[in-house]
Amino acid sequence: MTISQQTRYRRTRDQLLAAARAQVPEVDVYTVAQSLDARPRPTLVDIRERDEWVQGHLPGAHFVPRGYLELRIEEVQPDRDAPIIVYCAGGVRSLLGARDLQAMGYTNVASMAGGFNAWKNNGLPFVVPRILSDEQRTRYSRHLLIPEVGEAGQLKLLESKALLIGAGGLGSPAALYLAAAGVGTLGIVDFDRVDLSNLQRQILHGHSDIGRPKVESAADRLREVNPDVQVIAHRERLDSSNALDIIRQYDIVLNGSDNFPTRYLVNDACVLAGKPLVDASIFIFEGQVTVYDPRQGGPCYRCLYPDPPPPGEVPSCAEAGVLGVLPGIVGSVQAMEAIKYLLEIGEPLLGRLLMIDALDMSFRILKAPRDPACPVCGDHPTVRELIDYEQFCGLPPRAVATASNGHE
Ligand code: ZN
């Protein structure tokens, strides 16, 4: 290119903007405000930089900085004919951004005249986003790289509350991974103290914790893993008098109990409180995991197991043993299902029962449909409040009291 050609193609800033103005329709802030209630609503794209976005943005706007506009717009709006309104701080960068979208084949793009400053100065409503701190952006950087998680997903996890029934074999890996992943509030129900025989599999606790309440040992360990996480210790035995009050405080429940009265109690309380339950059980070399959530069309525990087994027929891990790694695998699957559920990504184990056999290392999935005649979640439920679960399981109340201390 010769010097004279360069001169011929050089445009001043004002000429460039005038050309963009001739090409891109502009809408004023009041028209945009009215369009927020329209159906279908236009896609709002905020192309400012991060430090501007965090000071406030239009409700429902997508944050796509100008430098990433062409690269990310298809994730936000793949339909080339859908209405899109681009805005920046003053209405200049958005003209150029909208012109670039037109060049990509978007046919219905407008620029908001005056930008966010005009919006704010006219007293129109805006939202100030919750954002991750610099330390959090580093801590969760591997999550932020995943499109299915990203900053919005990580903030969602930080605002989520999960309840673990038991800080034992299953609760240990589940709690550690949920804490590390930044699930912001973790409740733990456990009445037990750390025993030497727990340490073969209950990796939340260490040798020096022997004799301490498990909820205290667990809380110390989890805060060390991630200080972002608030750990709520419920050092009490879960029963019909407290289960609903505790479970209602959380978004999702992970069951790590090892006895039938607690299993039925947690199931019924989750159905009555409308909370999803990630249930799991382990036995020697075998494990099972599934998600119960009748509100989403899945079954509950009673759909699959309407009646408890006769007392003494099914031995517990305390009687039959369990290989120490097994709860690590099964509890990790529970944590994964909980995180998927909280982020609303993937395919949950809803209506599907995962069966793990560690000896041949097989993972099989069985269908687990909801039973319309279920007494708790069926079409005509007969159980409308919590009952006496020890009696239901054919156990004398005090006999189960010792057994129900334990959690797998
Ligand atoms: Zn049911």
For the range 257-408: rounded, prolate or oblate by the Cα gyration tensor [a/c cutoff 1.5]: oblate
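When only Cα pairs under 8 Å and 6 or more residues apart are kept, what is the percent relative contact order across the range 342-398?
Values: 45 pairs, mean separation 9.9, N = 57.
Computed value for the range 342-398: 17 percent relative contact order.
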5 angstrom amide H check on VAL27, placed H, neighbours 5+ away: SER111, MET112, ALA113
J(HN,Hα) series, the range 114-124, from Karplus relation 6.51 cos²θ - 1.76 cosθ + 1.60, nearest Hz, glycine and proline x: x, x, 5, 4, 5, 4, 5, 5, 8, x, 7
Which of TYR68, GLY211, VAL383, positive extreme of dipole for the chain (C-beta unit charges): TYR68
Per-residue [θ]222 nm for the chain (sum of -39500 (n - 2.57) over DSSP H runs n ≥ 4, rounded to 500): -10000 deg cm²/dmol
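Quick check for you: with a 1.4 Å probe and neighbouring chains kept, what is the accessible area per residue of the chain, in Å²?
Details: 19670 Å² over 408 residues.
For the chain, the per-residue accessible area is 48 Å².
Cα gyration tensor of the range 42-147, axes a ≥ b ≥ c as square roots of the eigenvalues: rounded (a/c below 1.5), prolate (a/b > b/c) or oblate?
Numbers: a/c = 2.11, a/b = 1.22, b/c = 1.73.
The shape class here is oblate.
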Rounded to 5, the percent of DSSP beta bridges in the range 1-154 classed as antiparallel: 10
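How big is the dipole moment of the chain about its Cα centre under a simple scheme where the beta carbon of each Lys and Arg is +1, that of each Asp and Glu is -1, and everything else is neutral? Debye, nearest 20, please. Can you show the working numbers first?
On the way: 41 positive and 50 negative charges, 343 e Å.
The calculation lands at about 1640 debye.
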Other-chain or far-sequence residues with amide H under 5 Å of VAL45's (modelled H): HIS62, ILE85, VAL86, TYR87
Rounded to whole Hz, the Karplus (6.51, -1.76, 1.60) HN-Hα couplings of the range 244-254, x for glycine and proline: 5, 4, 6, 5, 4, 7, 10, 8, 8, 10, 10
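Tell me, what is the percent relative contact order of the range 152-243, built from C-alpha pairs under 8 Å that lie six or more residues apart? Numbers along the way, then the final one.
On the way: 170 pairs, mean separation 29.1, N = 92.
After rounding, I find 32 percent.
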Nonlocal amide H pairs with SER160, under 5 Å, H built at 1.01 Å: GLY184, THR185
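How high is the relative contact order of the chain, in percent, with contacts defined as C-alpha pairs under 8 Å that are six or more residues apart? Don't skip to the end; give the middle numbers.
On the way: 780 pairs, mean separation 54.3, N = 408.
Computed over the chain, the figure is 13 percent.
When DSSP beta bridges are limited to those with both residues in the chain, what percentage is antiparallel, rounded to the nearest 5? Kindly include the intermediate steps, with their values, before the conclusion.
Values: 20 of 50 bridges.
If we restrict to bridges inside the chain, about 40 percent are antiparallel.
If we sort 202-210, 362-370, 174-182, 343-351 on the protection proxy, mean other Cβ atoms within 10 Å, highest first, what's the order?
So the peptides 202-210, 362-370, 174-182, 343-351, ranked by packing, come out 174-182, 202-210, 343-351, 362-370.
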Tensor-based shape of the range 127-186 (alpha-carbon gyration tensor, a/c under 1.5 rounded, otherwise prolate or oblate): prolate
J(HN,Hα) series, the range 360-366, from Karplus relation 6.51 cos²θ - 1.76 cosθ + 1.60, nearest Hz, glycine and proline x: 9, 6, 9, 10, 10, 10, 9
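The values are calculated or read from the model by the stated rules, or taken from the named source; none is laboratory data. Since we're looking at a predicted model, the values are computed, not measured. We place every Cβ from the backbone using ideal geometry, glycine too, and count neighbours over all the protein chains shown. Only protein heavy atoms, including side chains, enter the accessible area calculation; ligands, DNA and RNA are left aside. Shrake-Rupley method; radii C 1.70, N 1.55, O 1.52, S 1.80 Å.
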